Amino acid sequence: QDDKSYTLTFDVPGIAKDQLNIGIEGNIVRIETQAGAPRQYKQAYELPQDIDVTTSEARLENGVLTLKLGKQVPVSRVTQLTVN
């Protein structure tokens, strides 16, 4: 991990990119293979910080799935009060 993203790698030999489903919900990443895939894989991972889907990417090369997941910048909830 670095300041802006998490990088995760998984060995998924024999799996084509169209046989993988990757879902992101908040800080949860779900990876699973479709029914016709030669191997079945289904797992969920919880990360310490929410994921920014717009800056995230997935790459599958030579049986290795690499996810680069952008960290979502927390929104400040500080409200300023006016002094009377």
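Read-outs: derived from the displayed coordinates by stated rules, not from any lab. From a predicted model like this one, the values you see are computed outputs, not experimental measurements. Please note: Cβ atoms are built from the backbone with ideal geometry, for glycine as well, and neighbour counts cover all protein chains shown.
A compact table of results
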item	result
Built amide H within the under 5 Å cut-off of K71, gap 5+	S5, Y6, D52
Charge dipole magnitude, Cβ of K and R +1, D and E -1 - the chain, Cα centre, debye nearest 20	60 debye
Interchain or long-range residues, amide H under 5 Å from Y41's placed H	T33
Additional length obtainable on full extension of the chain from D2 to D18, 0.36 nm per residue less Cα span	2.9 nm
Vicinal HN-Hα couplings computed from phi for the stretch 73-80 (Karplus, 6.51 cos²θ - 1.76 cosθ + 1.60; Hz; Gly/Pro x)	6, x, 7, 6, 10, 6, 10, 8
Among A35, A44, A58, residue whose mean-square fluctuation peaks in a GNM of the chain (springs only between Cα atoms under 10 Å)	A35
